[in-house]
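The values are calculated or read from the model by the stated rules, or taken from the named source; none is laboratory data. In this text the structure is predicted, and so the values were computed from the model without any measurement. Every residue, glycine among them, receives a Cβ derived from its backbone with ideal geometry; neighbour counts consider all protein chains shown.
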Amino acid sequence: MKMYVAGQWVDKPKRIEVTNPFDGSVVDTVPQADKGDVDRALESATRGAKVMAKLPGYERYKILKKAADLLEARVEEFGRTITLEEGKIIGEGRFEASRAVQTLTVSAEEAKRIHGETVP
């Protein structure tokens, strides 16, 4: 597994174990970010937010709707991952993943209501 930082997949030699709290088994390992990784991620997110804020509402809708569709296509996988990482029952993991899809979908629909010039 790699980190996605400022538009690039980054791997690091130092890893963090992700354990299942139910039985203590190692689910996976993830790269440990350093301060530079975090700074780059924050700078990239700030730039992205400024770009997104200037987009017309319908363009924002398309981006958020695509994110919802991509997540929905993998909702079962995300539900299982949530279950393993958090020790929840599978129904709760599925619910959380489905709720994320719903949240993105509602946000996308609200973005369509933005008309005219948006001022910060």
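Observations
- All positions within segment 21-77 that are in contact with a helix residue (DSSP H, G or I) (Cβ under 8 Å, 6 or more places away or on another chain) and among the hydroxyl-bearing types (Ser, Thr, Tyr): Tyr58, Tyr61
- Some residue of segment 28-50 being in contact with a Leu (Cβ under 8 Å, 6 or more places away or on another chain) and not β-branched (Val, Ile, Thr): no
- Positions within segment 60-90 being under 21 Å from Val18 (Cα atoms), of a type outside the set (S, T, N, Q) and part of a helix (DSSP H, G or I), in sequence order: Val75, Glu76, Glu77, Phe78, Gly79, Arg80, Ile82, Leu84, Glu85, Glu86, Ile90
- Residue match in segment 97-109 (condition: over 23 Å from Glu17 (Cβ atoms) and acidic (Asp, Glu)): yes
- Top-ranked residue of segment 15-41 - restricted to ones that are without any contact (Cβ under 8 Å) to a residue 60 or more places away in the chain and part of a loop (DSSP other than H, G, I, E, B), ranked as farthest from Met3 (Cα to Cα): Asp23
- First in segment 42-58 and assigned to a helix (DSSP H, G or I), second anywhere and charged (D, E, K, R), Cβ under 7 Å, 6 or more apart: Met52/Arg60; Gly57/Lys112; Gly57/Arg113; Tyr58/Lys112
- The residues of segment 16-64 that are of a type in the set (Gly, Ala, Ser) and over 17 Å from the mean Cα position of the chain (by Cα), listed by number, are Gly24, Ser25, Gly36, Ala53, Gly57.
- Conditions (1) modelled with pLDDT of 95 or more; (2) under 25 Å from Val30 (Cβ atoms): number failed by Lys50: (2)
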